[in-house]
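*Asks:* For reference, the structure I am asking about is given below.
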Amino acid sequence: MAATRHGNPRFARLTAQEFRARLPEALSVYVAAMNYPSGTAEQRAPMWLTHALRAGWRCMAVLDNGDALIGLAYGYQGKPGQWWHEQVRRGLAASQGEQAVARWLGDYFELTEIHVRPDCQGLGLGEHLLRGLVDGLAQRHVLLSTPEGTSRAWKLYRRLGFTDVLRDYRFAGDPRPFAILGRSLPLDGPTEGR
């Protein structure tokens, strides 16, 4: 992994308390990485705080030499009753049946967010974040959703062995098509040199 223009990055697991303290910074990274309007941060803040209370929640961050947040990834144990779980369950049941629902949603970790500031992308930070986040998880699978279309994120997920679970899915309230991707745990191989 190369050094960024911000020096040599440092990876750290954040506690829920540290995450809450860095929430404005984390949301700034999210808005920049997703190229969203600035008002998006205020809309997402309550949801991110709620996520940090869920069972199995964990967060990895990447910090620059000045301790500024330049990337983060977080997720938690997926369970029935959670909005994302119920949305994906509905889509899987309709397209592939209950056997697919049981296979993918029976025991999984939801990789909810993973973002790196645009000026720090392409240096392997996302892969380090993802690997650090899921390292040592007890769940059988890790699942995520990502907008359809070619992106650095897609390349990362494919390189790490994520496969299609559900494609061109439209979540309630969002007109964009999404892909639900998943893979078994643990992840294989080292991060360096990939």
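*Asks:* Looking at segment 58-70, which of its residues are outside any strand (DSSP E or B) and surrounded by 17 or more Cβ atoms within 10 Å (Cβ to Cβ)?
*Replies:* Within segment 58-70, just Asp64 meets the criteria.
*Asks:* Answer with yes or no whether Gln77 is of a type in the set (S, T, N, Q) and modelled with pLDDT of 95 or more.
*Replies:* yes
*Asks:* Taking segment 33-54 on its own, how many of its residues are buried (at least 16 other Cβ atoms within 10 Å of the Cβ) and in a helix (DSSP H, G or I)?
*Replies:* Total meeting the criteria: 5.
*Asks:* Residues to consider are Gly78, Gly66; find the one that is out of contact with any Phe, Trp or Tyr (no Cβ under 6 Å at 6 or more places or on another chain), touching a residue at least 24 places away in the same chain (Cβ under 8 Å) and of a type outside the set (D, E, K, R).
*Replies:* Unique residue meeting the criteria: Gly66.
*Asks:* For segment 78-194, give me every one of the helices (runs of 4 or more DSSP H) that falls completely inside it and has 2 or more residues that are surrounded by fewer than 18 Cβ atoms within 10 Å (Cβ to Cβ).
*Replies:* Answer list for segment 78-194: 83-96, 98-105, 152-159.
*Asks:* Also, quick follow-up: Every residue in segment 69-92 that is among the aliphatic types (A, V, I, L, M) and out of contact with any Asp or Glu (no Cβ under 8 Å at 6 or more places or on another chain), please.
*Replies:* Val88, Leu92
*Asks:* Against the definition (loosely packed, with under 14 Cβ neighbours inside 10 Å, touching a residue at least 12 places away in the same chain (Cβ under 8 Å), in contact with a strand residue (DSSP E or B) (Cβ under 6 Å, 6 or more places away or on another chain) and of a type in the set (A, V, I, L, M, F, W, C)), how does Ala73 come out, yes or no? Give the steps one after another, and end with the answer.
*Replies:* On the way: loosely packed, with under 14 Cβ neighbours inside 10 Å: no; touching a residue at least 12 places away in the same chain (Cβ under 8 Å): yes; in contact with a strand residue (DSSP E or B) (Cβ under 6 Å, 6 or more places away or on another chain): yes; of a type in the set (A, V, I, L, M, F, W, C): yes.
No.
*Asks:* Checking Ala45 against (1) in contact with a Phe, Trp or Tyr (Cβ under 7 Å, 6 or more places away or on another chain); (2) without any contact (Cβ under 8 Å) to a residue 24 or more places away in the chain, which single condition isn't satisfied?
*Replies:* Only one criterion in (1) in contact with a Phe, Trp or Tyr (Cβ under 7 Å, 6 or more places away or on another chain); (2) without any contact (Cβ under 8 Å) to a residue 24 or more places away in the chain is unmet by Ala45, namely (1).
The values are calculated or read from the model by the stated rules, or taken from the named source; none is laboratory data. All of these numbers come straight from a predicted model, not from anything done at the bench. Glycine also receives a Cβ, built like all others from the backbone with ideal geometry; neighbour counts cover every protein chain displayed.
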